[in-house]
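Quick notes on the structure that follows.
The values are calculated or read from the model by the stated rules, or taken from the named source; none is laboratory data. Please read all numbers here as calculations on a predicted model, not as lab measurements. Using ideal geometry, Cβ is built from the backbone for each residue, glycine included, and neighbour counts are taken over all protein chains shown. Surface accessibility is based on the protein's heavy atoms, side chains included, excluding ligands, DNA and RNA. Shrake-Rupley method; radii C 1.70, N 1.55, O 1.52, S 1.80 Å.
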Amino acid sequence: MAEQEQNNRKEKSELHPRNKHRSRYNFKQLTASSKELKRFVFKNEHNDDSIDFADQSAVKALNRALLKQYYNISQWDIPKDFLCPPIPGRADYIHYVADLLGSSNKGKNPKGSNVNVLDIGVGANCIYPIIGHQEYGWSFVGSEIDPLSVESAKRIIEANKPLQGKIEIRQQGSKMGIFRGIVGRTERFDAIVCNPPFHSSLKEAEQGTRQKWRNLGGNEKEVKHVLNFGGNKAELWCPGGERAFVEQMIIQSEQIKNQVLWFTSLVSKSANLKSIYSTLIKANAFEVRTVQMSQGQKISRFVAWTYKDDAAQAEWAKGWKSESAKPEVKSA
């Protein structure tokens with residue numbers, strides 16, 4: 001009983017109930033499946049196993065171990081200084097999107113390759129398609145503007161048999177386009193996910209990186225060597241930052257509103273919500289939802305919108321049971 005109570009205290013109850021990472025990292029188990037991680041593990045001040053989360057190599061080794069242990073991904077790597085995502089939080093987004101789709105399907109979360117998801121800005125790490133496919137069997141398209149990220153994501157897919165033929169990576173050739181050149185005229189997506197660039201300028205991104213580094217315990221002398229820790233330029237910033245990107249995504253979503261069931265995007269700054277809601281009203285979205293998520297002290301959320309009423313959503317969901325049952329795409 002005492003052991004059970006201790007395990008309950010260690011559980012990250014704020015994460016989604018289906019999230020495999022609700023418990024603290026089991027480093028004994030992780031190092032058993034990934035020898036590389038072992039050299040980074042040490043006892044912290046509480047005598048618990050941990051790693052230095054300010055060490056890029058340690059975080060990357062942890063991600064490799066988690067992906068191998070929980071998602072059957074044996075080969076995973078990203079180029080130096082590219083975004084190394086915290087997997088528990090990324091998994092939460094996917095699980096809540098599954099619930100969102102389930103809300104259009106009488107509460108039953110859809111599984112299988114008939115469910116098609118588009119990841120806007122898939123990144124070098126390809127993490128959302130990996131988790132989405134391995135957890136639910138969904139098919140993915142990942143769009144990306146950065147050529148190095150495209151190459152990296154493709155290498156990850158090619159190196160892991162479970163992902164081959166299930167995830168397609170497409171190069172976005174337009175700096176202003178989000179869906180144009182990515183979504184075909186008759187193509188359909190059940191959900192769109194997006195982790196938009198957070199900052200509005202390179203200077204702001206660098207300031208954010210400095211603060212993040214200090215929070216992780218790095219000293220000022222080391223800052224110059226880690227200004228890209230946690231993402232390169234394309235991943236970290238765009239003109240106008242997160243708010244401008246999401247609003248442009250909403251505006252452009254009207255052009256493909258008949259081809260998508262649910263559009264979603266992470267929104268890190270709650271101060272951006274008011275303007276985003278205003279843009280959604282102008283776009284005449286039928287339904288808008290804001291889904292709150294949390295991991296430790298970090299609170300996050302994603303905004304979801306659809307142009308389909310309840311009857312249209314229910315009709316759309318029939319396609320998850322049979323490919324032939326999918327309603328025909330109508331031109332906008």
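The set of residues in the range 138-165 being part of a loop (DSSP other than H, G, I, E, B), at pLDDT 95 or above and either within 16 Å of the chain's Cα centre (by Cα) or among the hydrophobic types (A, V, I, L, M, F, W, C) (or both) consists of Trp138 alone. Looking only at residues of the range 257-284 that are among the β-branched types (Val, Ile, Thr) and more than 24 Å from Gly89 (Cα to Cα), we find that the one that is most open to solvent (accessible area, probe 1.4 Å) is Ile281. If you take the residues in the range 5-29 that are farther than 24 Å from His95 by Cα and of a type in the set (D, E, K, R), which one is modelled with the highest pLDDT? Taking the candidates together, the pick is Lys28.
Considering only residues of the range 287-332 that are under 27 Å from Pro17 (Cα atoms), of a type in the set (S, T, N, Q) and open to solvent by 40 Å² or more (accessible area, probe 1.4 Å), which is modelled with the lowest pLDDT? Among residues in the range 287-332 that are under 27 Å from Pro17 (Cα atoms), of a type in the set (S, T, N, Q) and open to solvent by 40 Å² or more (accessible area, probe 1.4 Å), the one modelled with the lowest pLDDT is Gln297.
Any residue that is within 26 Å of Gln75 (Cα to Cα), assigned to a loop (DSSP other than H, G, I, E, B), at pLDDT 85 or above and open to solvent by 70 Å² or more (accessible area, probe 1.4 Å) - is there at least one of those in the range 166-174? Yes, the range 166-174 contains a residue that is within 26 Å of Gln75 (Cα to Cα), assigned to a loop (DSSP other than H, G, I, E, B), at pLDDT 85 or above and open to solvent by 70 Å² or more (accessible area, probe 1.4 Å). Against the numbered list (1) surrounded by fewer than 22 Cβ atoms within 10 Å (Cβ to Cβ); (2) of a type outside the set (D, E, K, R); (3) modelled with pLDDT of 65 or more, Val226 comes up short only at (3). Pairs are defined by a Cβ separation below 9 Å, a sequence spacing of at least 6 or placement on different chains, a first member in the range 82-110 that is closer than 18 Å to Arg301 by Cβ, and a second member that is part of a helix (DSSP H, G or I) and open to solvent by 30 Å² or more (accessible area, probe 1.4 Å); the pairs so defined are Ala91/Tyr70; Ala91/Glu135; Ile94/Glu135; His95/Glu135; Ala98/Glu135. Among the residues of this structure, Asn114 does not count as one that is polar (S, T, N, Q), in a loop (DSSP other than H, G, I, E, B) and crowded, with 24+ Cβ neighbours inside 10 Å.
Restricting attention to the range 30-42, the residues being modelled with pLDDT under 95 and not in a loop (DSSP other than H, G, I, E, B) number 3.
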